[in-house]
Amino acid sequence: MRDTASGPRVLLKRLRELMQEPLEPQERLDRIVRDIASNMVAEVCSLYVLRADSVLELYATEGLNPNAVHLAQLRLGQGLVGTIAASARPLNLSNAQEHPAFAYLPETGEEIYNSFLGVPVLRAGRTLGVLVVQNKTMRHYRDDEVEALETTAMVIAEMIATGDLARLTRPGLELDLRRPVSFTGLSFNEGVGLGHVVLHEPRIVVTNLFNEDSEEEVRRLQASLGSLRLSIDDMLERREVAFEGEHREVLEAYRMFAHDSGWVRRLEEAIRNGLTAEAAVEKVQSDMRARMLHMTDPYLRERMSDFDDLANRLLRQLMGRGPEDVAASLPKDAIIVARSMGAAELLDYPRDKLRGVVLEDGAATSHVVIVARAMGIPVAGQMKGAVSMAENGDAIIVDGEEGIIHLRPQPDLEAAYAEKVRFRARRQEVYRELRKKPSMTKDGIQVDLLMNAGLAVDLPQLAEAGAAGIGLFRTELQFMVASTFPRAEAQERLYRDVLDAARGKPVTFRTIDIGGDKVLPYFKGAIQEENPALGWRAIRLTLDRPGLLRTQIRALLKASGGRELKLMLPMVTELGEIAQAREIIDREVRHLSRFAHHLPTSLKLGAMLEVPSLLFQLDELMKAVDFVSVGSNDLFQFVMAVDRGNTQLSDRFDTLSTPFLRVLKQIADAGARNHTPVTLCGELAGKPISAMALIGLGYRSISMSPASIGPVKAMLTELPLDELQAFFDDNLMAPAHGLPMRALLQAFADDRSIPL
Ligand code: PEP
Ligand code: MG
């Protein structure tokens, strides 16, 4: 038993010395293979390194023809070495030539070596090369020898990853580690970001590989495992912020793995072979990851990622590092690459250094995506495998338009994207200039361009985008990025900050619009619904849970003491709902005045027009409220009976179709008839062509995402409204040549050089 442990220990000690000696990289490799051969009593020891062109190149050998170094090559999957690299599994053969994959390379001068042991050189689950020993005699290498060679391979992986071998590569034949790769996933937020990878959960680089005292190291491992288990139990109880939005299932999986006896046994074995506890964690993890690459079961792959996270946590425990170190030395063009992350974690990064976010998981509705969108950061998601392929500091491009990322891009691709970014920046410059111009059509009609917002991070955009105010403040976003219901004080603080930032510009707060696709994981009481979009949501829900509405209204009233408060109700279906909400508001006003609170100077109550039932009582609606705001996202969904989140249908029906434009016109006309201000705050307002249509139909106030204000204003200032009105008079009831309205509008703009 002593013998089997001392072999690898002696070898590792020797490798440590070699790593510290000031040697040229080739010399160091040559000595490493010589020492491995002698330690393992093998006639041959060879190292093959995987190049970016999927070829394994012989980098060093003891025993084969030395002239074959850097000449002998195998393709991935070819021969025994290629098979090991492709499968990321060791091969242990007593008669190598009998193996079906055996291939003879004449340049190596290979004699008859019967026994063959080859292991993959792995790092973070990626194959970087293959390490082989061979003997003439027919022998079967023992398990502890396999283990020893794997451990040695890990040292070599570090050498490769730290760039030690870079000087041995020839131009055009770079190592696989530096290979450019692209991933295609989904676009979660538009924009293009060029920068450098910052792994959100940084792969901890274990630099201290060799232990001095195995027993002490095992004790250290046990102690860290103990703390890790406790911290998981603790998280399960507290639902830590970092796990906001994550399923409890993930934490349960962590707990199960942290107690997995097979894992712990393999860790201890690696330590007994001479590794430090940290290096042992990395080795076992890398082995498992590599094997996992060939699994197709998505559930198992997912669990493997959980296991990865757990190993990272264990490494942090061992190295005494907390998550607070994560953002310590951020490049000025950071692109965060994460498996998944909480919204609060993104807010921990300094905004001025963020150029993009890449997520392996996530959905367009994830909290982190909502926040990133509010911050105007490009996000690409569903990038499976991105984390393990990326190294901190790698160049990366996030294309949030197409949902693509390019890791370690080729110079021409990088140049093309840099041009794209410059082009966007130039356009932004034009928009910035436009801020100074009055918000008027070419023929002098004022149109207010407001912005949509929902979080404190949105507020700087108010000045940057030159918005006339906030036309829709989605108060539910604060609820969606929190892990429990925000307390009354937190709500009041946010509303006050918003009004302060607006500096007298109008702000319209919408009462919480949850339900449907906007779920709060901590909100119990929601039932499983067959049709959530038509279900218990928005005003329906808050009228049933008046406590929620009361708290919010009180916070809004207090925050707007001495200023105007504009409040609107989402998803109103019948006028009775407005009356009920008004009763609750009035009660809160009475309550606050009884306690001599500073009240708003005026209170305006509006309704969102999102449900078609209101179209059939437009005049009554206009009389029942102080203003109406059209929620075109939901209104379109209900008028056309098309789920707004269904990507399969997203291009099928046109928001500028004749019937929908007629609906929008009826609403504008009813507002004008009743002297009730009407605005529109759905996505429709943010596209220049549809904004143009809205203005032509009578809308004089529209609210959109801050990034849209520039392009819409560029259109507005070139728009001759009188001509557009005449165009609608002619076409809305009878489109020319039966053409689609979108095509007619496009032609109208093209004829007049209106930028759309
Ligand atoms: C809408 O429905 O158009 C709207 C503005 O509300 P939301 O997108 O938040 O549902
Ligand atoms: Mg809506």
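Here are the numbers for the structure shown:
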| item | result |
| --- | --- |
| Residue, farthest from residue 702 (Cα to Cα), within segment 580-629, restricted to residues that are of a type in the set (S, T, N, Q) and open to solvent by less than 70 Å² (accessible area, probe 1.4 Å) | 593 |
| Residues that are more than 16 Å from ligand 2 (Cβ to nearest atom), surrounded by 22 or more Cβ atoms within 10 Å (Cβ to Cβ) and under 33 Å from the mean Cα position of the chain (by Cα), drawn from segment 667-700 | 690, 691 |
| Check on residue 634, acidic (Asp, Glu), open to solvent by less than 60 Å² (accessible area, probe 1.4 Å) and either within 16 Å of ligand 2 (Cβ to nearest atom) or on the phi > 0 side of the Ramachandran plot (or both) | yes |
| Residues (touching a residue at least 40 places away in the same chain (Cβ under 8 Å), within 16 Å of ligand 2 (Cβ to nearest atom) and either buried (at least 21 other Cβ atoms within 10 Å of the Cβ) or not small (Gly, Ala, Ser) (or both)) located in segment 639-657 | 643, 644 |
| Residues of segment 591-624 that turn out to be more than 16 Å from ligand 1 (Cβ to nearest atom) and within 13 Å of residue 570 (Cα to Cα), as a count | 1 |
| Single match in 608, 622, 571 (criterion: touching a residue at least 40 places away in the same chain (Cβ under 8 Å) and away from ligand 2 (no atom under 16 Å from the Cβ)) | 622 |
| Positions within segment 691-726 being charged (D, E, K, R) and part of a loop (DSSP other than H, G, I, E, B), in sequence order | 700, 718 |
| Matching residues, segment 436-467, being of a type in the set (D, E, K, R), in contact (Cβ under 8 Å) with a residue 40 or more places away in the chain and open to solvent by 40 Å² or more (accessible area, probe 1.4 Å) | 437, 442, 443, 448, 464 |
| Residue check for residue 427: within 30 Å of residue 697 (Cβ to Cβ) and not in a loop (DSSP other than H, G, I, E, B) | yes |
| Odd one out for residue 703 among (1) closer than 22 Å to residue 474 by Cβ; (2) open to solvent by less than 20 Å² (accessible area, probe 1.4 Å); (3) polar (S, T, N, Q); (4) more than 16 Å from ligand 2 (Cβ to nearest atom) | (4) |
| Filter pass, residue 549 being in a helix (DSSP H, G or I), more than 20 Å from residue 455 (Cβ to Cβ) and within 16 Å of ligand 1 (Cβ to nearest atom) | no |
| Among the candidates 649, 635, residue that is within 35 Å of the chain's Cα centre (by Cα) and away from ligand 1 (no atom under 16 Å from the Cβ) | 649 |
| Single unsatisfied condition, residue 427 versus (1) more than 30 Å from residue 505 (Cβ to Cβ); (2) open to solvent by 20 Å² or more (accessible area, probe 1.4 Å) | (1) |
| Within segment 545-568, considering residues that are without any contact (Cβ under 8 Å) to a residue 40 or more places away in the chain and not aliphatic (A, V, I, L, M), the one least open to solvent (accessible area, probe 1.4 Å) | 561 |
| Residue count for segment 12-38, restricted to those that are over 16 Å from residue 60 (Cβ atoms) and either among the small types (Gly, Ala, Ser) or touching a residue at least 12 places away in the same chain (Cβ under 8 Å) (or both) | 3 |
| Every residue from segment 353-388 that is in contact with a Lys or Arg (Cβ under 8 Å, 6 or more places away or on another chain) and more than 14 Å from residue 198 (Cβ to Cβ) | 360, 361, 365, 375, 378, 379, 388 |
| Hits in segment 58-77 (condition: in contact with a Leu (Cβ under 8 Å, 6 or more places away or on another chain) and surrounded by fewer than 20 Cβ atoms within 10 Å (Cβ to Cβ)) | 68, 70, 71, 73, 75, 76 |
| Failed condition for residue 542, given (1) of a type in the set (Ser, Thr, Tyr); (2) surrounded by fewer than 15 Cβ atoms within 10 Å (Cβ to Cβ); (3) within 16 Å of ligand 1 (Cβ to nearest atom) | (2) |
| Filtered residues of segment 175-187 (kept if touching a strand residue (DSSP E or B) at 6+ places or on another chain (Cβ under 9 Å) and within 28 Å of residue 16 (Cβ to Cβ)) | 175, 176, 177 |
| Residue identified as modelled with pLDDT of 90 or more and part of a strand (DSSP E or B) among 397, 377 | 397 |
| Selection from segment 224-256 of residues that are at pLDDT below 80 and open to solvent by less than 20 Å² (accessible area, probe 1.4 Å) | 232, 235, 236, 243, 244, 250, 251, 253, 254 |
| Failed item, numbered, when residue 533 is tested on (1) of a type in the set (Gly, Ala, Ser); (2) open to solvent by 40 Å² or more (accessible area, probe 1.4 Å); (3) within 16 Å of ligand 1 (Cβ to nearest atom) | (2) |
| Among (1) surrounded by fewer than 15 Cβ atoms within 10 Å (Cβ to Cβ); (2) touching a residue at least 24 places away in the same chain (Cβ under 8 Å); (3) within 16 Å of ligand 2 (Cβ to nearest atom) - the single one residue 515 does not satisfy | (1) |
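The values are calculated or read from the model by the stated rules, or taken from the named source; none is laboratory data. The shown structure was predicted, so the numbers you read here are calculated from the model rather than taken from an experiment. Every residue, glycine among them, receives a Cβ derived from its backbone with ideal geometry; neighbour counts consider all protein chains shown. Just the protein is used for accessible areas: all its heavy atoms, side chains included, with ligands, DNA and RNA removed. Shrake-Rupley method; radii C 1.70, N 1.55, O 1.52, S 1.80 Å.
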